[in-house]
Amino acid sequence: MRNPAKILVTSFHPFRGRTRNASQTIAAALPSALPNATFHALSLPVTWGAVESIALPQIASLQPHILLGLGEGNPDALKVETLAHNLRSGADETQQSPADASIDPQGPAQLAARWPLPQPLPQSPGAPILLSSDAGRYLCNNALFRYSLSNATYAGFFHLPPQGETSDEGYRAQWLPAVVELLTFALRHPSQP
């Protein structure tokens with residue numbers, strides 16, 4: 001693999017009245033957790049069009065080997081999304097709905113994520129990892145669909161449990177090792193360039 005690997009990690013701003021977004025908390029800690037990779041981090045507003053207007057130009061410019069989106073999902077587990085659907089719905093933080101129900105009206109109905117996974121999945125009692133084939137229809141799914149069309153060797157999306165009022169330190173202690181383990185596996189996977 002090229003040394004060091006070039007990784008772009010995207011996260012989202014807090015939304016729906018929350019003061020923290022777990023994706024930002026974890027993204028900020030990854031460079032020191034994986035010092036042998038070149039990290040680029042990008043935090044996106046929770047608005048329709050942000051992936052297309054902010055993330056896609058960065059992806060085109062950086063040409064990352066690994067492209068990972070992080071967002072908040074359901075409590076109690078980290079979910080590795082395996083499938084993006086060409087659908088979008090819901091009002092964003094500016095109360096705007098998407099202009100079209102499809103992410104790409106000319107695109108396929110769904111796209112598989114490109115993320116290598118160890119078998120079995122790593123598990124710990126306090127930070128379970130699950131596979132998910134439904135990334136929703138909101139901005140996280142939108143990001144995974146767009147990222148799956150990129151030239152990155154690996155493109156994926158992880159839904160993290162909401163951080164709530166947990167301190168950054170406490171949240172990272174629980175969930176950062178799981179993200180690092182999944183990223184490390186991708187970095188070491190033999191099919192990498």
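A short reminder: the numbers here are calculations on the coordinates, not readings from a lab. What you are looking at is a predicted structure, and each value in this text was computed from that prediction instead of being measured. No Cβ is skipped: glycine too gets one built from the backbone with ideal geometry, and neighbour counts run over all protein chains shown.
Each residue in region 152-171 was checked for being assigned to a loop (DSSP other than H, G, I, E, B) and either surrounded by 15 or more Cβ atoms within 10 Å (Cβ to Cβ) or of a type in the set (S, T, N, Q) (or both), and 7 pass. The criterion of being surrounded by fewer than 17 Cβ atoms within 10 Å (Cβ to Cβ) and either touching a strand residue (DSSP E or B) at 6+ places or on another chain (Cβ under 6 Å) or touching a residue at least 40 places away in the same chain (Cβ under 8 Å) (or both) does not hold for Ser102. In the set Thr82, Thr94, only one residue is more than 20 Å from Thr153 (Cα to Cα), touching a residue at least 12 places away in the same chain (Cβ under 8 Å) and of a type outside the set (Phe, Trp, Tyr); that residue is Thr94. For the residues Pro57, Pro31, Pro35, Pro45, the requirement of being farther than 15 Å from Thr153 by Cα, surrounded by fewer than 20 Cβ atoms within 10 Å (Cβ to Cβ) and in contact with a helix residue (DSSP H, G or I) (Cβ under 9 Å, 6 or more places away or on another chain) singles out Pro45. Scanning region 50-98 for residues that are part of a strand (DSSP E or B) and among the aliphatic types (A, V, I, L, M) gives Ile66, Leu67, Leu68, Leu70, Leu78, Val80, Leu83, Ala84.
Can you confirm whether region 81-94 contains a residue that is surrounded by fewer than 17 Cβ atoms within 10 Å (Cβ to Cβ), among the charged types (D, E, K, R) and closer than 19 Å to Asn151 by Cα? For region 81-94, residues surrounded by fewer than 17 Cβ atoms within 10 Å (Cβ to Cβ), among the charged types (D, E, K, R) and closer than 19 Å to Asn151 by Cα: absent.
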